[in-house]
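The values are calculated or read from the model by the stated rules, or taken from the named source; none is laboratory data. Note that the structure is a prediction, hence the values are computed from the model and not measured. As a convention, Cβ positions derive from the backbone with ideal geometry for all residues, glycine included, and neighbour counts pool all protein chains shown.
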Amino acid sequence: MKKILILDFGSQTTQLIARRIREQKVYCEIHPYSTPLDKIKALAPAGIVLSGGPASVYDSDAPLSDPALFTLGLPILGICYGAQLMIQQLGGKVEKAEKREFGKADLSINDTSGIFAGLETSPLHHQVWMSHGDRVEIAPQGFEATATSNHSPFAALRHKEKPFVAVQFHPEVAHTLIGTDILRNFIFGLCDCRPDWTMHSFIESTVAAIRNTVGTSKVICALSGGVDSSVTAALIHRAIGDQLTCIYVNNGLMRIGETEAILRFFKEKTHLKLIDVEATDFFLAELAGVVDPEIKRKRIGLGFIKIFEEEAKKLGEVNYLAQGTLYPDVIESVSFRGEAPIKSHHNVGGLPEIMKLELIEPLRELFKDEVRELGLELGLPEEAIYRQPFPGPGLGIRIMGEVTLSRLEILRQADVIVLEEMKKSGWYRKVWQSFAVLLPIQTVGVMGDGRTYENVIALRAVDSKDAMTADWSKLPYELLGSISSRIINEVRGVNRVVFDISSKPPATIEWE
Ligand code: XMP
C-alpha cells in the first residue's frame, strides 16, 4: 500500500492535510520537517507534502528540510511556507509581499494539467484560501506559473519536467473550493496512489501486526465504556482472542446504563475475557468529605490505579497494556523558536511505568472519526460509537461539592433527561458535549401550595472541534424549555435549571 509523507513545518492545518488525504482512502503520516533523509527513504513514501508554517524562509531560525529531498525522484507538493521553501531551495526568489494576503482569494488557472487536471481555466476564478506574508517573485529555473491570484503572480507553480508542484494557498481548508480536486490530482495523478486504505485493510494489517508483536504473551486493557478503549479492546480481541483480558472498574460515577450497554455488547457479542470490578463503595468512601476538585480527581485516579493493579496481579504474568491513544496525541509536533513540543499523553495515567508493562496502542495512527468508522466495522453498537466524550472521573467532577450516593442519584436522573431530549431533538450529534451539573446550592421555589428549598441543575452544552476551545451551543429555546421542565417535574430534589453560556476560554467545558 502506497503512502504519502507530510513534512510538518508547524502549520495549524497540517493535521487537516492528513485528514483530507485519508478521506481519499490513501494512507499518510505526519513527520517533523527535520526528519533525516535516511528515515524518509526508509518510510518509502509515494510522494511528499511540505506543509505550511508560521515562519518566513528568511527568518534566521527558519525551519529547513534537507534540500536533498528534491533528489529522491519523488513527487513533492509544497503548500504555502512549504511552497516558498521549495522555491527558495531550488533557486527561485521569495520576498516579503507589499500586502499580506489573508483570506479568500480568486485564483485564475492557466494550465489544466497536473494538480489542476479537470478544472476550468481562466477567465473563470476559483475561490481559494490564502494566508501568507512572503510570496514567490522569481520562479526557479525549470518552473512555470500555473495559476495567479490578484496579489500573487505565482499562486501556483510546477516544474516542467520533474514532479514538483507548489501552491501559495491552502488546498486542505474547506474555503479552497477546489482543494479536494488538487489533493486528489496530486495523490492519484502525480503519486500514482490507489484508494486502498480502508478500515477493512487497516483491520487486517493491524491484526497481523498485533499477533506478531504479542506472540503468546498476555495483554490487559482498561475498558472505560468510551469509544477509544472499546475499539481498542475489540480490535485486540480480534487479533489474539483469549490472550487479552479487559478490566472494567465501576467507580460508581458513570451515567445510567452506558457501561452496562458496552459490557453487554462485549459479553454477549464477543467472547472477551472481562473482569468487571464493582468498586462504587470504595470510590464513595475515598470521596467522602472531599470538595476540592483537584483532590477529587487525584483520589479517583489513584483509586483506579490501585484496583487495576490488584486485578492485574491476579492474572499472573502480563506483558502488555493496551491503550486507546489516538494520532493527534502522538504526532511529534514541530518545535522551533524554543516552543515546547506537545508531549504525547497517556489515557491511563502512569500505569505502564508503575506496572512495568509494554504499551500497545493500535489506534495511534488514527483520527477520532476513523476510530468511529473502525468501531462500526468491528461491529460495536452505534450508541457506543457516537457517544459524546465523557471524562475519566465521570460524574464525580459534575457534582460541585461532596459526592454522595443521593447527590449522584439526582445528577444521574437529570443527566439522562438531558441525553434523551438532546437525542430526541437531533441535537446530540450536533454538539460536542451536553450534560447536567449539580450545583452546591439550594434555592427557593414553589410547588403546588408549598414553598420548596431545593437543588439547582446547570445545563452545559458546547460546540468544539478538539475540546481545546469551545463555545456554548445555541440550543433552541423549545429544547431548553423541555429539558428544564422535565428535570424539574421528574427529578426529585431539583426546583431550578440554569443554562451555562460561557465559552472556553476563560471557562472550561467541565465545571471542575
Ligand atoms: P475541560 O473541562 O478541561 O475539558 O475544558 C476538556 C475535555 O476533556 C474532558 N475531560 C476529561 N477527560 N479525563 C478525561 O478522560 C479527565 O480527567 C477529564 N477532564 C476533562 C472534558 O469532558 C472535555 O471533553
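Where residues in segment 431-468 are under 34 Å from the mean Cα position of the chain (by Cα) and of a type outside the set (A, V, I, L, M, F, W, C), which of them is nearest to the ligand (Cβ to nearest atom)? Let's see the steps before the verdict.
First, the residues of segment 431-468 that are under 34 Å from the mean Cα position of the chain (by Cα): 431-440, 456-468.
Narrowing further to those that are of a type outside the set (A, V, I, L, M, F, W, C): 433-434, 440, 460, 463-466.
Values: Gln433: 6, Ser434: 11, Pro440: 18, Arg460: 10, Asp463: 12, Ser464: 8, Lys465: 11, Asp466: 9 Å.
Ranking the candidates gives Gln433 first.
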- prompt: Does Glu365 satisfy being modelled with pLDDT under 95, within 23 Å of the chain's Cα centre (by Cα), more than 16 Å from the ligand (Cβ to nearest atom) and not hydrophobic (A, V, I, L, M, F, W, C)?
  reply: yes
Subset of segment 393-434, residues under 16 Å from Thr280 (Cβ atoms) and in contact with a helix residue (DSSP H, G or I) (Cβ under 8 Å, 6 or more places away or on another chain), comes to Pro393, Gly394, Leu395, Gly396, Ile399, Glu402, Val403, Thr404, Leu405, Leu408, Leu411, Arg412
Within segment 469-505, the count of residues that are within 11 Å of the ligand (Cβ to nearest atom) and either without any contact (Cβ under 8 Å) to a residue 12 or more places away in the chain or basic (Lys, Arg) (or both) comes to 1
Exercise for review: Tell me, yes or no, whether segment 386-400 has at least one residue that is surrounded by 15 or more Cβ atoms within 10 Å (Cβ to Cβ), within 16 Å of the ligand (Cβ to nearest atom) and among the aromatic types (Phe, Trp, Tyr).
Suggested key: yes
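In segment 247-299, what residues are at positive phi and either among the basic types (Lys, Arg) or exposed (fewer than 15 other Cβ atoms within 10 Å of the Cβ) (or both)? Explain how you work it out, then say what you get.
Taking segment 247-299 as the starting set, the residues that turn out to be at positive phi are 252, 257, 289.
Listed by number, the residues that qualify are Gly257, Gly289.
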Checklist entry - within 25 Å of the chain's Cα centre (by Cα), among the hydroxyl-bearing types (Ser, Thr, Tyr) and over 24 Å from Ile385 (Cβ atoms) - does that describe any residue in segment 313-325? => result yes
Filtering segment 229-243 down to residues that are touching a helix residue (DSSP H, G or I) at 6+ places or on another chain (Cβ under 8 Å) and under 28 Å from Arg299 (Cα atoms) yields Ser230, Val231, Ala233
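Report whether or not Ser60 is touching a strand residue (DSSP E or B) at 6+ places or on another chain (Cβ under 6 Å) and polar (S, T, N, Q).
Working: touching a strand residue (DSSP E or B) at 6+ places or on another chain (Cβ under 6 Å): no; polar (S, T, N, Q): yes.
Criteria not met by Ser60.
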